[in-house]
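Worksheet: one structure, shown below.
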Amino acid sequence: MVWTVATGLWGLDREDSLWRDEAATWQVARRSTGDLLRMLEHVDVVHGLYYLLMHGLFAVFGPGLTVLRLPSVLAAAVAAACVAAVGHRLGGARTGLCGGMAFAVLPAAQFYAQEGRPYALVAAGTGIATLLLVTALRDGPGRPALWAGYGAAVLVGGLLNWLSLMVLAAHLATLLRVRPEGALWARWAGAAGAATAGVLPLAVYSGGQSDQVSWIPPLTPHMMIGPAVLLAIGALGALLDRSSRAGRLSVAAVGLPLLAVPQLGLIAVSLVQPLFLDRYVLFSLLGLGLLAGASVDAVAERVARSRFRRAAAAVPYVVTGLAIVALLPQFLAKRSPASRVDDVLAAAGEVRTLARPGDAVLFVPSARRDTRLVTPGAFAGVDDIALASSPEESATLKGEEADPERIRAAMLARPRILLVTDAGRPARPPSSARDRMKTTVLARYFVPVEDRELRGRRVILYERRTGPR
């Protein structure tokens, strides 16, 4: 936990940068509770619980990058601690220590521990649920409070991301391997069923907002390379697990299903609806951490039986140190603004430098309006001429824009227009009629006089031509 918190706090502000997904959290969390709930009726209900949590934290501590990301840092530390505790109970102190550290040094864990999004919190919920299940399997069916905690952990994880319910399938695989007594089966089924019933309405309702994930590409063979590598590493760790015995609770019996089932489940879901993003199953890496801990323990045990047995105690520290050194370039990269697609705050800084009172601003695509929504002060005196109703009024993430002809008329009435868009040259014309109108009018009636590109965003200042091109 100390290691995870320390590395999470290291470079937490990422050079004062904020990327588009975190910008969504930022601007939604700053709305009133009523406006936030109205928005969830139309968009992003899948993240509703997380937005309400961040809304409360912003209300108490004020908005800031530390407040935005600190919950993920603490959640990643809880997840690492749960891996260590499970490993300790199933394989001993060395397995637990190495497993917890292995999870904490994974590049994906480092990445999402500093992300103002819910994925690290989901991993923490999964870790708590797994620890409670292992406790029940070791110590007997357990008291009702244990199963209430198990169901609550799965429920909260599911409300943060309903795909995390796949942990129940992973736990079912563990139970089938271990074959516990009937009373434990009944209590697990009751807790799992209650959690599923609590999450099911969210999963069904969010299906009506599937346009939000329409940008995710269909599954390709190339996309399955990563899961295949993870599963191969996990299988090797299961083979090395010294505690593994048929029908016995072991690291392999818990870790391998926890790693494999969510990965394979996401692949299966993506064959129907493209959803293949590794962050949706970040929690599966808890299983990888457990199996890595068992592998290091197995190596240390073999060293202890060799003529180098005095070095056995140093094996965990040597392996961990080598892993940290090898992954240090990754650690540094994850803490730079370049680790994310773009930087909303950098674009806002360019607008603040270029804008004059009375200028107009346009966003292509309209989702890039997040630059203004996060930093309205940078746009003081600048008119958002395409906006017809604000995000709060329209109960949307980015607001609603006027029809193309009204946008055209508003543009032609302005001598200077700032355009906020993505870095690089567009590969194809904009998909929406509104955005095509914006780019057409700019090309015909305006000339670019400043063009600045920084951290994935581009700000162009246009001035009106003396005549059409």
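Okay, here's what the table says:
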{"quantity": "Range in the chain, longest, excluding exposed GluC sites (Glu not before Pro) [loop by DSSP; at most 13 other beta-carbon atoms within 10 Å]", "calculated": "182-469"}
{"quantity": "Between 0 and 90°, nearest 10: helix 166-178 axis offset from the chain longest Cα axis", "calculated": "10"}
{"quantity": "Percent accessible area from carbon and sulfur atoms, the chain, protein chains only, probe 1.4 Å", "calculated": "63"}
{"quantity": "Rounded FRET efficiency, nearest 0.05, which uses the C-beta distance separating S336 from H42 and R0 of 45 Å", "calculated": "0.80"}
{"quantity": "Acute angle (nearest 10 degrees) that the helix 20-29 long axis makes with the longest principal axis of the chain, alpha-carbon atoms", "calculated": "90"}
{"quantity": "Protection proxy ranking of 165-171, 355-361 - average other beta-carbon atoms within 10 Å, highest first", "calculated": "165-171, 355-361"}
{"quantity": "Alpha carbon centroid spacing (whole Å) that separates the stretch 95-154 from the stretch 386-435", "calculated": "44"}
{"quantity": "Accessible area expressed per residue, the stretch 324-391, with surrounding protein chains retained (probe 1.4 Å, Å²)", "calculated": "38"}
{"quantity": "D16 accessible area, 1.4 Å probe, all protein chains in place, Å² to nearest 10", "calculated": "90"}
{"quantity": "Where the stretch 128-287 is the region considered: accessible area per residue in Å², 1.4 Å probe", "calculated": "45"}
{"quantity": "Dipole magnitude of the chain, debye to nearest 20 (Cβ charges: Lys/Arg +1, Asp/Glu -1, about Cα centre)", "calculated": "1140"}
{"quantity": "Chymotrypsin sites (Phe, Trp or Tyr not before Pro) within the stretch 174-261: DSSP coil, no more than 13 neighbouring Cβ in 10 Å", "calculated": "W215"}
{"quantity": "Relative contact order %, the chain, counting alpha carbon pairs below 8 Å whose residues are six or more apart", "calculated": "17"}
{"quantity": "Percent antiparallel among DSSP beta bridges (both partners in the chain, rounded to 5)", "calculated": "70"}
{"quantity": "Cα gyration tensor shape for the stretch 186-281, rounded if a/c is under 1.5, else prolate or oblate", "calculated": "oblate"}
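The values are calculated or read from the model by the stated rules, or taken from the named source; none is laboratory data. Since this is a predicted model, take the numbers as computed values, not measurements. Using ideal geometry, Cβ is built from the backbone for each residue, glycine included, and neighbour counts are taken over all protein chains shown. Accessible surface areas use protein heavy atoms only, side chains included; no ligands, DNA or RNA. Shrake-Rupley method; radii C 1.70, N 1.55, O 1.52, S 1.80 Å.
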